[in-house]
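The structure appears below as structure tokens.
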Amino acid sequence: MFVLDMSVEKWVGNKNEGELIENPSWNHIETAIRELNGKSKTLVTLGADGETYMSIGGGESEKYIITVTFDNLSFYSLVDSSKPNITEKLVVGGQEGIYLAKMCVDLLRCLLASRTFTELGKLDPLLSWEEDKSLAVA
């Protein structure tokens with residue numbers, strides 16, 4: 001497995017009481033992603049080293065934001081190009097943000113991207129990725 005740790009946030013009021021799990025199995029990772037709800041659980045981060053990680057945020061209405069970096073300088077976002085050029089609100093990392101609709105992907109794309117990253121440390125070539133040039137609107 002490429003992923004060495006997983007951080008899972010759990011908001012209780014305005015305090016994050018999340019945890020860091022060393023050497024998570026794919027079942028642990030999939031469960032954490034499925035538990036994202038856009039309220040108390042809004043972010044899962046899969047880490048390989050200090051500069052390589054995948055962040056999976058959101059979860060409300062089965063909409064997820066996925067960002068990956070391999071050097072902590074360039075960031076890639078999973079996108080669904082078939083979506084209209086509108087914005088959507090989504091809570092990620094405990095804060096509401098406005099994102100382009102194409103960044104809000106479904107659970108199937110989310111799980112495929114996460115599994116490929118977890119096992120191989122790569123962006124899944126079957127999915128669409130864009131280098132993040134500030135895709136978040138606000």
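Taking the options Leu111, Leu120, name whichever one is of a type in the set (A, V, I, L, M), within 23 Å of Glu35 (Cα to Cα) and either touching a helix residue (DSSP H, G or I) at 6+ places or on another chain (Cβ under 8 Å) or open to solvent by 60 Å² or more (accessible area, probe 1.4 Å) (or both).
Being of a type in the set (A, V, I, L, M), within 23 Å of Glu35 (Cα to Cα) and either touching a helix residue (DSSP H, G or I) at 6+ places or on another chain (Cβ under 8 Å) or open to solvent by 60 Å² or more (accessible area, probe 1.4 Å) (or both) holds for just one of Leu111, Leu120, which is Leu111.
Name the single residue that is farthest from the chain's Cα centre (by Cα) among those in segment 1-20 being more than 13 Å from Lys41 (Cβ to Cβ) and among the charged types (D, E, K, R).
Here the answer is Lys15.
Check Met1 against each of (1) at pLDDT below 95; (2) open to solvent by less than 60 Å² (accessible area, probe 1.4 Å) and name the one condition it does not meet.
If we test Met1 against (1) at pLDDT below 95; (2) open to solvent by less than 60 Å² (accessible area, probe 1.4 Å), just (2) comes out false.
Take Tyr64 and tell me if it is surrounded by 18 or more Cβ atoms within 10 Å (Cβ to Cβ) and free of Cβ contacts under 8 Å to residues at least 24 places away in the same chain.
When the stated conditions are applied, Tyr64 does not pass them.
Quick check on segment 102-138: of everything there that is out of contact with any Phe, Trp or Tyr (no Cβ under 8 Å at 6 or more places or on another chain) and part of a loop (DSSP other than H, G, I, E, B), which residue is modelled with the lowest pLDDT?
This residue is Ala138.
Which members of segment 4-18 meet the condition of being modelled with pLDDT under 95 and either open to solvent by 60 Å² or more (accessible area, probe 1.4 Å) or within 22 Å of Val79 (Cβ to Cβ) (or both)?
Lys10, Trp11, Val12, Gly13, Asn14, Lys15, Asn16, Glu17
Only one residue in Gly97, Gly50 is over 21 Å from Ser128 (Cα atoms) and part of a loop (DSSP other than H, G, I, E, B), so which one is that?
Among Gly97, Gly50, only Gly50 is over 21 Å from Ser128 (Cα atoms) and part of a loop (DSSP other than H, G, I, E, B).
Hey, can you tell me all the residues within segment 34-52 that are of a type outside the set (S, T, N, Q) and under 18 Å from Lys122 (Cα atoms)?
Those that are of a type outside the set (S, T, N, Q) and under 18 Å from Lys122 (Cα atoms): Val44, Leu46, Gly47, Ala48, Asp49, Gly50, Glu51.
Would you check which residues across segment 21-37 are farther than 17 Å from Leu112 by Cβ and open to solvent by less than 100 Å² (accessible area, probe 1.4 Å) and list them?
The answer is Ile21, Pro24, Ser25, Glu35, Asn37.
Here are Met54, Met103: which of them is of a type outside the set (D, E, K, R), farther than 20 Å from Val8 by Cα and surrounded by 22 or more Cβ atoms within 10 Å (Cβ to Cβ)?
The unique qualifying residue is Met103.
What residue, of Lys89, Lys102, is closer than 25 Å to Gly18 by Cα, of a type in the set (Lys, Arg) and in contact with a strand residue (DSSP E or B) (Cβ under 7 Å, 6 or more places away or on another chain)?
Going through Lys89, Lys102 in turn, the sole match is Lys89.
Out of segment 70-92, which residues are more than 28 Å from Asp49 (Cβ to Cβ) and either in contact with a Ser or Thr (Cβ under 8 Å, 6 or more places away or on another chain) or open to solvent by 70 Å² or more (accessible area, probe 1.4 Å) (or both)?
Residues satisfying the conditions are Asp80, Ser81, Ser82, Pro84, Asn85, Ile86, Thr87, Lys89.
The values are calculated or read from the model by the stated rules, or taken from the named source; none is laboratory data. These numbers were taken from a predicted model, which means no experiment stands behind them. Heads up, the Cβs are rebuilt from the backbone with ideal geometry, glycines too, and the neighbour counts pull from every protein chain shown. Note: areas computed on protein heavy atoms with side chains; ligands, DNA, RNA excluded. Shrake-Rupley method; radii C 1.70, N 1.55, O 1.52, S 1.80 Å.
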